[in-house]
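A short worksheet on the structure shown next.
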Amino acid sequence: MNRRSEQEMLDLILAVAMEMDAVRAVYLQGSRANPQAPRDEWQDYDIVYLVNELCTLIADHRWIDRFGERLILQMPEAMELLPPANDGTFPFLMLFTDGNRIDLTLIPLAVWEQRAPDSLSVQLLDKDGRRPALPEPSEADYFPALPTPNHYRDCCNEFRWTLTYVVKGLGRNEIIYAKAIQERVVRPMLEQMIVWEILRIHGERVNPGKHGKYFRQLLPAAHWEALLNTYTDSRKGAVWSAILTMSNLFEELAVGVADHFGFPYDSREAENIKSYLYRHWNSSSY
């Protein structure tokens, strides 16, 4: 099946909205509304339908078949294993056989009017002609907050403290546990420090991207390569190498961030944990 073009997809999205009286307005959001985002075939169509009633559209959702043949559908608000947001909206996440994807969210008018529109929003349709004009789309909602002294201190402390759990897991040969702590607990603190480093380098108005999507473009090459080297397989030696690299990278960034923002850097705590890591690494066998 040939992949439908952007214009074909947008025309279809608007045609479906026009056919349904319950849909009163349509907005494009996400990367396709972002003038700064690189264009490629992987971009989703993040669409909002403003609706005057939700229940009927959810109870019988065969109308979404109009968008094309699907490979898979997810309705997060109808799931139980993964808790729903319960925020009054209802998303349909659809991947089609031609490779296009629509993330369509139904938002009742009353809910929309109570929240500020996402800064990456473009109005495509307003049947009633009553929706206020939106400013030009921008990444303003996606600029990370500047660190505070307490946030910086807590990030450093959590990173160093939880590294010791990884060491414990490696010492017990509990590789799955060690990897889980490394990825789920330690890595988020490293990524937070990377975000602050990016703010230090590029200023406050910069978007690092979801899950570090733009780290490669925003980090110096040496830091990017070091970060890549923290992603390893499950061999014990490889995990040791990864956490030592994580520690060295984190502390290098932490020093620069502290100096730039005028925060105290706890060099004693940092050296204590570095010594702890290398002592156990030198005594390990793998």
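Looking at 19, 41, which one is open to solvent by 70 Å² or more (accessible area, probe 1.4 Å) and either touching a helix residue (DSSP H, G or I) at 6+ places or on another chain (Cβ under 9 Å) or basic (Lys, Arg) (or both)?
None of the other options fit; the residue is 19.
Does residue 3 satisfy the criteria of being farther than 24 Å from residue 111 by Cα and touching a residue at least 24 places away in the same chain (Cβ under 8 Å)? Spelling it out, residue 3 is indeed farther than 24 Å from residue 111 by Cα and touching a residue at least 24 places away in the same chain (Cβ under 8 Å).
Say whether the condition of being within 26 Å of residue 207 (Cα to Cα), of a type outside the set (S, T, N, Q), open to solvent by less than 60 Å² (accessible area, probe 1.4 Å) and touching a residue at least 12 places away in the same chain (Cβ under 8 Å) is met by at least one residue in segment 90-98. Checked segment 90-98: at least one residue is within 26 Å of residue 207 (Cα to Cα), of a type outside the set (S, T, N, Q), open to solvent by less than 60 Å² (accessible area, probe 1.4 Å) and touching a residue at least 12 places away in the same chain (Cβ under 8 Å).
Beta carbons closer than 8 Å, at least 6 apart along the sequence or on distinct chains, pair a first residue in segment 23-42 that is farther than 16 Å from residue 137 by Cα with a second that is open to solvent by 40 Å² or more (accessible area, probe 1.4 Å) for 23/127; 24/52; 24/127; 24/128; 25/123; 25/127; 25/128; 41/3.
Within segment 124-136, the set of residues being crowded, with 16+ Cβ neighbours inside 10 Å and either modelled with pLDDT under 95 or of a type in the set (S, T, N, Q) (or both) comprises just one member, 131. Identify all residues within segment 99-119 that are open to solvent by 10 Å² or more (accessible area, probe 1.4 Å) and in a loop (DSSP other than H, G, I, E, B); write none if there are none. Once the filter is applied, which keeps residues that are open to solvent by 10 Å² or more (accessible area, probe 1.4 Å) and in a loop (DSSP other than H, G, I, E, B), segment 99-119 yields 99, 114, 115, 116, 117, 118, 119. Applying a threshold of 7 Å to beta carbon distances and a minimum spacing of six or more residues, or different chains, the list of pairs starting in segment 254-282 at a residue that is of a type outside the set (D, E, K, R) and ending at one that is open to solvent by 80 Å² or more (accessible area, probe 1.4 Å) reads 256/200; 257/200; 258/264; 260/200.
The values are calculated or read from the model by the stated rules, or taken from the named source; none is laboratory data. Just so it is clear, the model here is predicted, and its values are computed rather than measured. Glycine also receives a Cβ, built like all others from the backbone with ideal geometry; neighbour counts cover every protein chain displayed. Please note that ligands, DNA and RNA were not included when accessible areas were found on the heavy atoms of the full protein model with its side chains. Shrake-Rupley method; radii C 1.70, N 1.55, O 1.52, S 1.80 Å.
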